[in-house]
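Okay, structure first, notes after.
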Amino acid sequence: MSDILLPEGWLYTIIGRYLYIKNGFSFKSKDYVESSEDSHPVIRISDIDGEYASDSNAVHVINKVDGFDIENGDLLIAMSGATTGKIGVYKGMKIAYQNQRVGNIKLLSEKFGNHLFRNYLILFIKDKILKASYGGAQPNISGNTIEKISILLPPLFEQKIIAEKLDLLLAEVQETKSHLEQIPELLKQFRQSVLSDAVSGKLTKDCAYHSRSNNIILGNVLELAYGKSLPAKSRSGDGYPVYGSNGEIGKHKQKLVNGPFIIVGRKGSYGEITWSDSSGWPIDTTYYVVLKIKSNLKFIFYLLQTLGLNQLNRSTAIPGLNREDAYKLKINLPSIQEQNEIVRRIEQLFAYADKIEQQVNTALEKVNHLPQSILAKAFRGELTAQWRAKNPDLITGENSAASLLEKIQIERAQHNKKNK
């Protein structure tokens, strides 16, 4: 941290001079009771989700346990287990109790501290907390270890400004992320709409050779041939792809079907449609398509995706697709020329959608890194540089971070003296 230029009024210190970690109580499972007006929720590690701590699924106790209260707004942290370092602000309106290995991150002084700043500070040093927790077989961290972590501490007035700026900026990041996360579902709907228009004729209604045979029985167009068993232990591990009902599941040096070909899920993920560019081996939980009449195989692939084959299950034990049910389905079959044009247009539109999705994924990756980047700027003083320049009297002298820690120390000393 010494390579960071110390902003005016700030101070190098450790967490323990500003915050402390209050450990939880070891409740016994035999004391848990049904929730009632007289009971109190006990917040365990499982009640912390990384952002909030909730009492909605908490266990309850009747007997009061002094000194382990959790109030709305308290910041909790998981102190052991696979989710060590997970934090959450308690949002319950009812006072709860703090279970063992749940830490309550408290300000040393309510008067000389800022709760929202505390929350962002812990979020910022979360990686340091995680790094400190991995020393043994089981992730584990003590309050004392957290309290020794080094930080840059701004003056109290600036803490408030930093917290307000982070609230605004991180809310904007979250809004952007939410919008981006909706786009893949919209693209999925777009692709489904394209396929629907393709098989209905809307996609190629402007074609000079727009013609089709209506109400053709699917079984007259293709055969759903049975795949062949190939246990995992018998697969060579290299060569041609091996397909199960939901896609590729391995490799084998031999092939069963020449590619390209279409795989249809028969058992398990029944009705799932998979395309293979190469030759391969569909196993016995699948069908593969054998054309009976001249057709564009890629068109048939797209057509099958619109037929709802995954709705044809009539098995009561293992879900499955009976090919005789599929054969009875009626379809509209365009001419081979129109099939070719449909495939060309579908793939052109899908390529456009794929490009957008790739751009969205790239943007999401960048957005996911923004919060930590913004936090880093905040805790280097970069977000509040202009504010400091305009308010020098609020960050120096009696208002500096050094003076703040002195005030906290005096208040704590007076408190300890009073309690002796």
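The values are calculated or read from the model by the stated rules, or taken from the named source; none is laboratory data. Keep in mind that this is a model prediction, so the values were computed, not measured. Cβ sites come from the backbone with ideal geometry, for glycine too, and all protein chains shown count toward neighbours. Calculation scope for accessible area: heavy atoms of the full protein, side chains included, ligands and nucleic acids excluded. Shrake-Rupley method; radii C 1.70, N 1.55, O 1.52, S 1.80 Å.
If I filter the stretch 39-59 down to residues being open to solvent by less than 20 Å² (accessible area, probe 1.4 Å) and within 28 Å of the chain's Cα centre (by Cα), which single residue comes out as farthest from Lys22 (Cα to Cα)?
Residues of the stretch 39-59 open to solvent by less than 20 Å² (accessible area, probe 1.4 Å): 39, 41-43, 47-48, 53, 58.
Next, from what is left, pick out any that are within 28 Å of the chain's Cα centre (by Cα): 41-43, 47-48, 53, 58.
On the way: Pro41: 18, Val42: 15, Ile43: 14, Asp47: 17, Ile48: 16, Ala53: 16, Ala58: 20 Å.
Per the stated criteria, the residue is Ala58.
Is it true that some residue in the stretch 95-111 is part of a loop (DSSP other than H, G, I, E, B), of a type in the set (A, V, I, L, M) and free of Cβ contacts under 8 Å to residues at least 60 places away in the same chain? Can you show your working first?
We begin by selecting, within the stretch 95-111, every residue part of a loop (DSSP other than H, G, I, E, B); these are 95, 100-101, 108-111.
Now narrow it down to the ones that are of a type in the set (A, V, I, L, M): 95, 108.
After this cut, where a residue has to be free of Cβ contacts under 8 Å to residues at least 60 places away in the same chain as well, the list is 95.
Scanning the stretch 95-111 turns up at least one residue that is part of a loop (DSSP other than H, G, I, E, B), of a type in the set (A, V, I, L, M) and free of Cβ contacts under 8 Å to residues at least 60 places away in the same chain.
Restricting attention to the stretch 60-77, the residues that are surrounded by fewer than 21 Cβ atoms within 10 Å (Cβ to Cβ) and outside any loop (DSSP other than H, G, I, E, B) total 3. When you look at Asn322, is it closer than 29 Å to Leu230 by Cα and in contact with a Pro (Cβ under 7 Å, 6 or more places away or on another chain), yes or no? For Asn322, the condition - closer than 29 Å to Leu230 by Cα and in contact with a Pro (Cβ under 7 Å, 6 or more places away or on another chain) - is not met.
Report yes if some residue within the stretch 132-150 is at negative phi, open to solvent by less than 10 Å² (accessible area, probe 1.4 Å), modelled with pLDDT under 95 and part of a loop (DSSP other than H, G, I, E, B); otherwise report no. Checked against the condition, which is being at negative phi, open to solvent by less than 10 Å² (accessible area, probe 1.4 Å), modelled with pLDDT under 95 and part of a loop (DSSP other than H, G, I, E, B), the stretch 132-150 yields at least one hit.
With respect to Ala389, is the statement that it is of a type in the set (Gly, Ala, Ser), more than 30 Å from Lys177 (Cα to Cα) and surrounded by 18 or more Cβ atoms within 10 Å (Cβ to Cβ) true? Show your work before the answer.
On the way: of a type in the set (Gly, Ala, Ser): yes; more than 30 Å from Lys177 (Cα to Cα): yes; surrounded by 18 or more Cβ atoms within 10 Å (Cβ to Cβ): no.
It is false that Ala389 is of a type in the set (Gly, Ala, Ser), more than 30 Å from Lys177 (Cα to Cα) and surrounded by 18 or more Cβ atoms within 10 Å (Cβ to Cβ).
Here Gly92 qualifies as of a type in the set (Gly, Ala, Ser), in a loop (DSSP other than H, G, I, E, B) and more than 21 Å from Leu404 (Cβ to Cβ).
Every condition in (1) part of a loop (DSSP other than H, G, I, E, B); (2) farther than 18 Å from Ile273 by Cβ; (3) open to solvent by less than 50 Å² (accessible area, probe 1.4 Å) is met by Ile318 except one, and the failing one is (3). When every residue of the stretch 229-252 is checked against the conditions, at least one turns out to be polar (S, T, N, Q) and surrounded by 15 or more Cβ atoms within 10 Å (Cβ to Cβ). Taken over the stretch 352-369, the criterion of being open to solvent by less than 70 Å² (accessible area, probe 1.4 Å) and closer than 27 Å to Lys126 by Cα is satisfied by Thr362, Ala363, Leu364, Val367.
Here the condition is being within 26 Å of Lys355 (Cβ to Cβ) and modelled with pLDDT of 95 or more; of Glu272, Glu223, it holds for Glu272 alone. Kindly indicate whether Leu169 is out of contact with any Lys or Arg (no Cβ under 7 Å at 6 or more places or on another chain) and touching a residue at least 60 places away in the same chain (Cβ under 8 Å). Taking the combined requirement at face value, the residue satisfies it.
Note on the stretch 293-306: residues that are touching a residue at least 60 places away in the same chain (Cβ under 8 Å), outside any helix (DSSP H, G or I) and open to solvent by less than 40 Å² (accessible area, probe 1.4 Å) total 1. Within the stretch 151-173, being open to solvent by less than 80 Å² (accessible area, probe 1.4 Å) and of a type in the set (A, V, I, L, M, F, W, C) holds for Ile151, Leu152, Leu153, Leu156, Ile161, Ile162, Ala163, Leu166, Leu169, Leu170, Ala171, Val173.
Can Arg101 be described as of a type in the set (Lys, Arg), over 25 Å from Leu152 (Cβ atoms), open to solvent by 60 Å² or more (accessible area, probe 1.4 Å) and modelled with pLDDT of 95 or more? Against the criterion (of a type in the set (Lys, Arg), over 25 Å from Leu152 (Cβ atoms), open to solvent by 60 Å² or more (accessible area, probe 1.4 Å) and modelled with pLDDT of 95 or more), Arg101 does not qualify. Of all residues in the stretch 384-404, exactly one satisfies the criterion of being outside any helix (DSSP H, G or I), of a type outside the set (Ser, Thr, Tyr) and in contact with a helix residue (DSSP H, G or I) (Cβ under 6 Å, 6 or more places away or on another chain), namely Ile395. Of all residues in the stretch 392-420, those that are open to solvent by less than 40 Å² (accessible area, probe 1.4 Å) and of a type outside the set (S, T, N, Q) total 5. Restricting the search to the stretch 337-351, which residues are hydrophobic (A, V, I, L, M, F, W, C) and surrounded by 14 or more Cβ atoms within 10 Å (Cβ to Cβ)? Across the stretch 337-351, the qualifying residues are Ile342, Val343, Ile346, Leu349, Phe350. Screening Asn23 with (1) touching a Phe, Trp or Tyr at 6+ places or on another chain (Cβ under 6 Å); (2) closer than 23 Å to Lys131 by Cβ gives one miss only, at (1).
Quick check: anything in the stretch 348-356 more than 28 Å from the chain's Cα centre (by Cα) and small (Gly, Ala, Ser)?
Taking the stretch 348-356 and keeping what is more than 28 Å from the chain's Cα centre (by Cα), we get 348-349.
Retained after the next criterion (residues that are small (Gly, Ala, Ser)): none.
Looking for residues that are more than 28 Å from the chain's Cα centre (by Cα) and small (Gly, Ala, Ser), one finds none in the stretch 348-356, hence no.
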